[in-house]
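The values are calculated or read from the model by the stated rules, or taken from the named source; none is laboratory data. Remember, predicted model here, so these are calculated numbers, not experimental data. Glycine gets a Cβ as well: all are built from the backbone with ideal geometry, and neighbour counts include every protein chain shown. Just so you know, the surface numbers come from the protein's heavy atoms only, side chains and all, with ligands and any DNA or RNA stripped out. Shrake-Rupley method; radii C 1.70, N 1.55, O 1.52, S 1.80 Å.
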Amino acid sequence: MSKVVFECSANGALFLLMGAAFMFPFEVHELNVTAHGFAFSVSTSPALLLFLASLLAWVLVRLAFIRRMRVRASMLDNLELAAEDERERAISSRASRSAYVTAMTGLIACLGVLAAAYIFGLLADAPASTMYRVAVGCVVGVLFVVNAVYCARWCVEYRR
Amino acid sequence: MATIVNRVRELREAHGLSQAALAEAVGVTRQTIISLERGGYVPSLLLAMSLAERFGMAVEDVFAKEEDAL
């Protein structure tokens, strides 16, 4: 169970950081390189750098966790789906079903929110970036909730 | 609705096996044996046969179908 809690907690934190990075860039630093017929630019922000640093730290912590807990999984496997036996496979299947239903419901609700905002002009007076932020917020919210639902269902089933 | 009841706990104790030892013998986790003994998990046919084989009995002597009063 610890592997699922670990992976889902890390995923949840990364989703929130990713959302913060894309929704609130604060100050953007741009690096532009131009040469003969070639242009290259990189845009970043403190929140995005924090997200990337967390991503790198997560890879190292995950590797240490897999070795310490002796989980039968490689670095490329999804730990929340790695099953030690047939019961864990069955639990993952049930948790995936709950997560799928939540994902579909959440995405449809998000589309409804975006469509309503567009049709009724709710964001007509807002800056152009507001719709982008609402969309990113919806995606991050759905990912976070789906992740939490998977983790909760997995743990409840495992305890039975 | 029918359910499956089992004698895993009784047979395991009769054979002097710990939950961990039985789990290792049949290739599952200890938590699966705990869940089986509580009646919270219905095993696959393969696991049921492995358990019966470990106890030297037939599957129907370890597992039985029970009709609920629903």
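Quick rundown of the values:
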{"item": "Test result for A:Ala20, of a type outside the set (Ser, Thr, Tyr), over 23 Å from A:Trp154 (Cβ atoms), under 14 Å from the mean Cα position of the chain (by Cα) and part of a helix (DSSP H, G or I)", "result": "yes"}
{"item": "Filter pass, A:Leu49 being surrounded by 18 or more Cβ atoms within 10 Å (Cβ to Cβ), more than 14 Å from chain B (Cβ to nearest Cβ), under 22 Å from A:Met18 (Cβ atoms) and among the hydrophobic types (A, V, I, L, M, F, W, C)", "result": "no"}
{"item": "Residues within segment B:26-50 that are over 27 Å from B:Glu67 (Cβ atoms) and open to solvent by 60 Å² or more (accessible area, probe 1.4 Å), tallied", "result": "1"}
{"item": "Meets criteria (at pLDDT below 90, exposed (fewer than 12 other Cβ atoms within 10 Å of the Cβ) and over 23 Å from A:Asn11 (Cα atoms)) for A:Ser74", "result": "no"}
{"item": "Tally of residues being open to solvent by 20 Å² or more (accessible area, probe 1.4 Å), of a type in the set (Asp, Glu) and within 19 Å of A:Val5 (Cβ to Cβ) across segment A:80-106", "result": "2"}
{"item": "Qualifying positions in segment A:82-108 - touching a residue at least 12 places away in the same chain (Cβ under 8 Å) and over 15 Å from B:Tyr41 (Cα atoms)", "result": "A:Ala82, A:Glu84, A:Ala95, A:Ser96, A:Ser98, A:Ala99, A:Thr102, A:Ala103, A:Gly106, A:Leu107"}
{"item": "Exclusive hit being closer than 29 Å to A:Val5 by Cβ, in a helix (DSSP H, G or I) and touching a residue at least 24 places away in the same chain (Cβ under 8 Å), set A:Leu60, A:Leu55, A:Leu49", "result": "A:Leu55"}
{"item": "First in segment B:38-56 and at the interface with another protein chain (Cβ under 8 Å from one of its Cβ atoms) and free of Cβ contacts under 8 Å to residues at least 60 places away in the same chain, second anywhere and assigned to a loop (DSSP other than H, G, I, E, B) and open to solvent by less than 40 Å² (accessible area, probe 1.4 Å), Cβ under 6 Å, 6 or more apart", "result": "none"}
{"item": "Condition check for A:Tyr158: among the aromatic types (Phe, Trp, Tyr) and open to solvent by less than 50 Å² (accessible area, probe 1.4 Å)", "result": "yes"}
{"item": "Residue within segment A:21-29 that is in contact (Cβ under 8 Å) with a residue 40 or more places away in the chain, under 30 Å from A:Arg160 (Cα atoms) and open to solvent by 40 Å² or more (accessible area, probe 1.4 Å) present", "result": "no"}
{"item": "Residues within segment A:115-158 that are without any contact (Cβ under 8 Å) to a residue 60 or more places away in the chain and within 14 Å of another protein chain (Cβ to nearest Cβ), tallied", "result": "1"}
